[in-house]
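What follows draws every value from the coordinates through simple rules; no lab data is involved. Computed from a prediction, not measured in an experiment: that's the story for all the values here. With ideal geometry, Cβ positions are generated from the backbone for all residues, glycine too; neighbour counts draw on all protein chains shown.
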């Protein structure tokens, strides 16, 4: 980290062209007029915006950062056994040092890798959070330190520049805080020759500073750049530019995280929620939702028929997924980054595709997908007359998101022509002993994950021919997440699932039901809204389903202080036999026999695993920057 604090400024692409006349005399014979001033990058909006836009290239694409990609590190996903280099395998083994490039010989992780040219490169392999985050903080501070040099600009243009810089400073700090805890909050340019002795702040102190940046950014930025004089110059091309909605979303998330049990414990010693932080989170989310619901921005939930547009597009020639629901996304880098990597990591090989690293949903996590009537599955091996769940017909009447996200036994996987000897593999053979059940390159769990790929992405239906037209790119934040975070923050802040923020018309439970309505799922049952204690398990289950496999679960389990507790330490498979009545035409209503769950692995975690370890080289810099406990 020290090198990013003290010397990373020299790598700025703009400042690489800044020379004094005397420094050039030994190398080039140039005129004074050819020398670029040190202040040139800040003198007008176009130049300053060019300086600022390098920050967008500092956002990693965790979805496509390598050939295959690991970003789900809770109990939600397990990897096939063919390889062991991805971070999820290291986490399963308790080796949280595995996020660091020093412990990743394959350089596959999106959090840290040993690469060059990260800032301006269009190569998705050249991006990581740790390196570019510290660089981004430095760059944001350089811009803010020189904001008064922006004289050839309107007030609107000045606000847009400052708002973006403040957002990025807060965003990079927030990303670090949620994994590592309180850190120094760098809010000024540190001279290259200055000694570094910045102490680690508490999580609460860092969160307050990040909140100030997000709040100031929200006050300066428009909800939609297209509605500004400046934004009209790039109209219809402003979707990724930082705006008020993004700033309010992260303002609320920052406060909710600070108010969550883990963060509150390290700040105050209490393992309960911090109601005051949650109230501030509720206010920020309410402000955002009032804008979106009144038509003040383009954001809205996508209809369920277009739910997959949140995550991938096909046949749209480089169209970035997300639509109106995406709030914050980074750039999508490179054709074929999905087709030749991410798309293959969910399909069994060699049956439907090639490649050896596969990521599978665990059976115990899939249990979160309850019934269409909105009720949970209390025990997946026992009949429940209340919800209607029957273990003899486990795929019947499930939450519609289950059918969208999860491949279960008997689902038709291939429509095109298959070799004569492979016809039986047209339907997912996920029963115990089925051809799709292969712990090395197939399913270890009895399920496949197809939330992020179309059913046609296989050897026989044109999957290899998508080229630039299959684009998988997950947003860092989308609108349904805002509704669910609002529900959590509001219920805790006002101690009731039926409470609401004073400025907004939806209660906590209304917000969940609004998200469920999109998918046609029954509302939260009355038995869950009598108290916060009764409500929270159902809220957590809703987050598990709506945001499944989008990279949220690991941090949710951590902040709720559940990561190291059973059953969240378990990863299970679903075992069963097909009944003789099996009919491939009606997979939802097929009968199964001897259904049971088997533990594949149990993660042996302790308190130290609630936080990722910092790099030893960084914590050796000075005494005021200690390592996280236990590491």
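Some observations on this one:
- Taking 7 Å steps out from each Cα toward its Cβ at residue 304 and residue 265 produces label points 3.7 nm apart.
- Residue 121 versus residue 197: modelled label distance in nm, points set 7 Å from Cα along the beta carbon direction: 3.7 nm
- Taking a ≥ b ≥ c as the square roots of the eigenvalues of the alpha-carbon gyration tensor, the range 174-274 is classed oblate because a/c is 1.5 or more while a/b is no larger than b/c.
- Each of the peptides 534-547, 478-491 was scored by the mean count of other Cβ atoms within 10 Å over its residues; in descending order, highest first, they stand as 478-491, 534-547.
- Compared with the dominant principal axis of the Cα atoms in the chain, helix 532-546 is inclined by about 90°.
- Taking the number of Cβ atoms within 10 Å of each Cβ as an exposure proxy, the fewest-first ranking of 297, 260 is 297, 260.
- Highest mean packing first, where packing is the average number of other Cβ atoms within 10 Å per residue, the peptides 116-122, 471-477 line up as 471-477, 116-122.
- With respect to the chain, whose longest principal axis is taken over its alpha-carbon atoms, helix 203-220 is tilted by about 70°.
- Gyration tensor verdict on the range 445-573 (Cα atoms; rounded if a/c is under 1.5, prolate if a/b is larger than b/c, oblate otherwise): prolate
- Rounded tilt (10° steps) of 129-145 against the dominant C-alpha axis of the chain: 40 degrees
- What the Cβ-Cβ distance of residue 566 and residue 623 gives, at R0 = 41 Å and to the nearest 0.05, is a FRET efficiency of 0.60.
- Here the relative contact order of the chain, from alpha carbon pairs under 8 Å that lie six or more residues apart, stands at 17 percent.
- In terms of its alpha-carbon gyration tensor, the range 492-539 comes out oblate; a/c meets the 1.5 threshold, while b/c is at least as large as a/b.
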